[in-house]
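Any read-out appearing in this document is the output of simple, stated calculations on the displayed coordinates, not a laboratory observation. Everything numeric in this text was worked out from a predicted model, so none of it was measured. For neighbour counting, all protein chains shown are included, and Cβ atoms are generated from backbone atoms with ideal geometry for every residue, glycine included.
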Amino acid sequence: MIISLCALLLAGAEPPQEVHGPGELPVDAYTQSNANAGTDPFEGQRMFEAFGGKPGITRIVADLVARNQQDPRVADIFRGQDMVRLHRTLGEQFCHILGGDCDYSGRDMQAAHEHMGLQHADMNALVENLQAAMAAEGVPFRLQNRFLSKLAPMREDVIER
């Protein structure tokens, strides 16, 4: 690793940067890309606006994370996780997918969930909690389903067993 970093520096290339924001724990460097969000965004801003824009998405994410931390079915998954990073990247991901003017800076879904041991039952609980958070924000049920249909294919990248 040191040799490869030295070779990069001698060649004039920038070394990989740690990717984290204020209050977040450092993580190994990775390539930031909206492709890491796991799906293409909705066209236009109709969905973004229906979710209340960035303030609405922020509230949904905060509610979702709080529900998951309090839910005995999945609370253990969230213990010891970087909650500052989770709030930021989940908000970015939702905003990007919903068609907002946001870039996703997190890792791809498989890398982000690697070695977490997530099961189908865990995903079901997370989806229930997301539905409750969206309903609390007043997102119409049919739009919740449209959003969930964008997220559903990511199951295969997240579930390990």
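P(r) of the range 35-128 in 5 Å steps, Cα pairs, percent per bin?
Histogram of Cα-Cα distances, whole percents per bin: 2, 13, 21, 24, 21, 12, 4, 0.
What is the magnitude of the charge dipole of the range 47-158 about its Cα centre, with +1 placed on the Cβ of each Lys and Arg, -1 on the Cβ of each Asp and Glu, and no other charges, expressed in debye to the nearest 20?
220
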